[in-house]
Amino acid sequence: MNPSTTHPTLLAAKVVVREIGALDIAASNRDYSKMTLGETVLEQRFSALDAGHLKAIDEGYDTYGLMDAASIKAAAQLVAQHRAGNCQEQSAVALDKLARLGIRPLELMGVYQQDHVLVVAGRIMGTPFTYEAWNEDTVICDPWAKRAYFVYALKDEMQTIKSVTNGETRMTQKFELKRDKPW
């Protein structure tokens, strides 16, 4: 039995996806960004983002690896400030926003051996590799793909964005914010 579309975590994830979409973040690996913004704007935004990453690294944050809360917060701020970022950077913004809303647990996950990162919210069962064993109300928040959905749709969604996931459904955990941890 599928969970309700009024589930609070799903609703929060959908709001976050919309908020990130409203930021008009340029993604260098999306043709839409290239068409609407043009190469020059895309290059300017990513140059500014790269400079921000270098400064953050000098300050002790790993805004590329995103393995700790401080680095995720710093990356989220950079992405919002420079309005540039691909899936990992946009997922940092999503995780930060969801964490500030009190959603727990949260995980920043990479699609196994593929070039795609997203946020998993509310997973309390199973392992990252076996989404079929996750609790049915686990929510996937994928701001790069402009979607939020329950885990039962994961396989179809990974096929929809096959150009970056190759249809893979197994995940690897990059960061976890547990139920009882503050943000």
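The values are calculated or read from the model by the stated rules, or taken from the named source; none is laboratory data. None of these values were measured; they are calculated from a predicted model. Cβ coordinates were reconstructed from backbone atoms using ideal geometry, including for glycine residues, and neighbour counts include every protein chain displayed. Quick note on the areas: whole protein, heavy atoms, side chains included, nothing else; ligands and nucleic acids left out. Shrake-Rupley method; radii C 1.70, N 1.55, O 1.52, S 1.80 Å.
Assorted remarks:
- Looking across region 59-68, not a single residue is among the small types (Gly, Ala, Ser) and surrounded by 20 or more Cβ atoms within 10 Å (Cβ to Cβ).
- Of all residues in region 18-46, those that are touching a residue at least 40 places away in the same chain (Cβ under 8 Å) have Cβ atoms under 8 Å from Cβ atoms of residues that are assigned to a helix (DSSP H, G or I) and aromatic (Phe, Trp, Tyr), 6 or more apart or on another chain, in ALA26/PHE46; SER28/PHE46.
- Scanning region 61-78 for residues that are of a type in the set (A, V, I, L, M) and in contact with a Leu (Cβ under 8 Å, 6 or more places away or on another chain) yields LEU66, ALA69, ILE72, ALA75, ALA76, LEU78.
- Count of region 167-183 residues which are open to solvent by 70 Å² or more (accessible area, probe 1.4 Å) and either part of a loop (DSSP other than H, G, I, E, B) or in contact with a helix residue (DSSP H, G or I) (Cβ under 9 Å, 6 or more places away or on another chain) (or both): 6
- Odd one out for LEU66 among (1) at positive phi; (2) at pLDDT below 95; (3) not small (Gly, Ala, Ser): (2)
- Looking only at region 1-38, and only at residues there that are touching a Phe, Trp or Tyr at 6+ places or on another chain (Cβ under 7 Å) and part of a loop (DSSP other than H, G, I, E, B), the one that is modelled with the lowest pLDDT: ASN2
- Long-range neighbours under 7 Å by Cβ, at least six apart or interchain, first residue of a type in the set (Phe, Trp, Tyr) within region 164-183, second buried (at least 16 other Cβ atoms within 10 Å of the Cβ): PHE175/LEU66; PHE175/ILE72; PHE175/GLU107; PHE175/LEU108; TRP183/ALA69; TRP183/ALA99; TRP183/LEU177
- Screening region 118-133 for residues that are without any contact (Cβ under 8 Å) to a residue 60 or more places away in the chain and touching a Cys at 6+ places or on another chain (Cβ under 9 Å) and picking the one that is farthest from SER4 (Cα to Cα) gives LEU118.
- Criterion applied to VAL151, VAL120, VAL164, VAL111 was being open to solvent by 20 Å² or more (accessible area, probe 1.4 Å) and among the aliphatic types (A, V, I, L, M), and the one residue passing it is VAL164.
- Verdict on GLU136 being more than 25 Å from ALA70 (Cβ to Cβ), open to solvent by less than 80 Å² (accessible area, probe 1.4 Å) and in contact (Cβ under 8 Å) with a residue 40 or more places away in the chain: no
For (1) of a type in the set (D, E, K, R); (2) closer than 28 Å to ASP137 by Cβ; (3) over 14 Å from the mean Cα position of the chain (by Cα), each residue gets a yes or a no:
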{"position": "GLU19", "(1), (2), (3)": "yes, yes, no"}
{"position": "LYS34", "(1), (2), (3)": "yes, no, yes"}
{"position": "ASP68", "(1), (2), (3)": "yes, yes, yes"}
{"position": "LEU98", "(1), (2), (3)": "no, yes, no"}
{"position": "LEU101", "(1), (2), (3)": "no, yes, yes"}
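- Restricting region 69-108 to residues that are among the charged types (D, E, K, R) and open to solvent by 10 Å² or more (accessible area, probe 1.4 Å) leaves a set whose member that is nearest to LEU42 (Cα to Cα) is ARG83.
- Residue in region 54-75 that is among the acidic types (Asp, Glu), over 15 Å from ALA27 (Cβ atoms) and part of a helix (DSSP H, G or I) present: yes
- Those residues of region 20-58 which are under 22 Å from ALA94 (Cβ atoms) and open to solvent by 80 Å² or more (accessible area, probe 1.4 Å), in sequence order: ALA22, ASP31, TYR32
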